[in-house]
Amino acid sequence: DGGITQSPKYLFRKEGQNVTLSCEQNLNHDAMYWYRQDPGQGLRLIYYSQIVNDFQKGDIAEGYSVSREKKESFPLTVTSAQKNPTAFYLCASSNRADTQYFGPGTRLTVL
Amino acid sequence: AQKVTQAQTEISVVEKEDVTLDCVYETRDTTYYLFWYKQPPSGELVFLIRRNSFDEQNEISGRYSWNFQKSTSSFNFTITASQVVDSAVYFCALSEDRNAGNMLTFGGGTRLMVKP
């Protein structure tokens, strides 16, 4: 089945640790996106990538990093510089200028 | 700058009632796209509809209907004869510039609770 997968579903991080969230898609979409959702709020864009080996910062990129070495993969690293990383993280993909489709999300909790 | 406002944070209805979720947007572009997504308790966002700024026709899909009015910058969503399975958070979103990364601006969401 075509779709977007995110792993892990739940992730726990200790203070000062970097963690990497996985996002994979087999929809052959060119563009991929990372959003953060805090409780009771809408989604905010962290990073996006329109083609392989290229990505741009979104509205809240500080404390995060990404890579896009393959078309189907767009991992997000939450670094120790992110002061309040506890949130729900959603990955999406689209063909350029088309509808974004979302993965199931990863819930990150800082212990 | 683009902005999406969903003034209703929570709505509670009894099953079989009709319910309308409001969405008001701001944009300076003449070409833009409006979306509705559903987020059930599992967390995944489910795409419901995409409408471009040049198509003001209302759309109906089963129990769902959408009313797009450029004159009031609104894109409201109505669920007819609501069911318990409709309980979710619903997000309205706007994409303003097709050449600027196709980025979405989301409203804050409306939590719909349908009681049996």
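Summary table below
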| quantity | calculated |
| --- | --- |
| Cα-Cα P(r), the protein assembly as shown, percent of pairs per 10 Å interval | 8, 33, 35, 20, 5, 0 |
| Whether segment B:30-116 is rounded, prolate or oblate, judged on the alpha carbon gyration tensor where a/c under 1.5 counts as rounded | oblate |
| For segment A:74-89 and segment B:44-116, distance of Cα centres in Å | 28 |
| Segment A:40-111, relative contact order [Cα under 8 Å, separation at least 6], % | 20 |
| Above-threshold pairs, the threshold being 25 Å between Cα atoms, out of B:LYS38/B:LYS115; A:LYS9/A:LYS71; B:LYS3/B:LYS38; A:LYS9/A:LYS83; A:LYS71/B:LYS38 | A:LYS71/B:LYS38 |
| Given charges at beta-carbon only (K, R positive; D, E negative), |dipole| of chain B in Debye | 100 |
| Gaussian network model of chain B, Cα within-10 Å springs - most flexible of B:ASP22, B:ASP86, B:ASP55 | B:ASP55 |
| Cβ charges +1 (Lys, Arg) and -1 (Asp, Glu), total dipole of the protein assembly as shown, debye | 500 |
| Alpha-carbon centroids, segment A:6-40 and segment B:19-33: separation in whole Å | 28 |
| Distance between modelled label sites at A:LYS57 and A:THR99, nm, 7 Å Cα→Cβ extension | 3.3 |
| In order through segment A:40-51: 3J(HN,Hα) via Karplus (6.51 cos²θ - 1.76 cosθ + 1.60), integer Hz, x for Gly, Pro | x, 10, x, 8, 10, 7, 9, 8, 9, 9, 9, 8 |
| Amide proton proximity set for B:VAL46, modelled H, under 5 Å, gap of 5+ | B:LYS38, B:GLN39 |
| Spin-label proximity, B:GLU17 to segment B:69-98 - amide N less than 17 Å from point 7 Å beyond Cα toward beta carbon | B:77-90 |
| Relative contact order (%) - chain B, alpha-carbon pairs under 8 angstrom, separation at least six | 38 |
| A:ARG44 paired with A:ASN84, simple spin-label distance in nm, labels 7 Å along Cα-to-beta-carbon | 0.8 |
| FRET efficiency, 1/(1 + (r/R0)^6) with R0 22 Å, evaluated for B:ALA1 and B:SER71 via beta carbons | 0.55 |
| Approximate spin-label separation A:LYS71-B:THR9, in nm, with each point projected 7 Å along Cα-to-Cβ | 4.4 |
| Segment A:19-60, relative contact order in percent, only Cα pairs under 8 angstrom and at least six apart counted | 30 |
| Residues in segment A:60-98 reached by a label modelled at A:LYS14 [backbone nitrogen below 18 Å; 7 Å Cα→Cβ] | A:78-82, A:85-86 |
| Cβ charges +1 (Lys, Arg) and -1 (Asp, Glu), total dipole of chain A, debye | 300 |
| Total formal charge among the other residues, if their Cβ is under 13 angstrom from that of B:THR78, Lys/Arg +1 and Asp/Glu -1 | -4 |
| Given charges at Cβ of Lys, Arg, Asp, Glu: chain A dipole, positive-most of A:THR77, A:VAL110, A:PRO39 | A:VAL110 |
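Every number here is computed from the coordinates shown, using simple stated rules; none is lab data. Nothing here was measured: the structure is a model prediction, and the numbers come from that model. Positions of Cβ are backbone-derived with ideal geometry, glycine not excepted, and every protein chain shown enters the neighbour counts.
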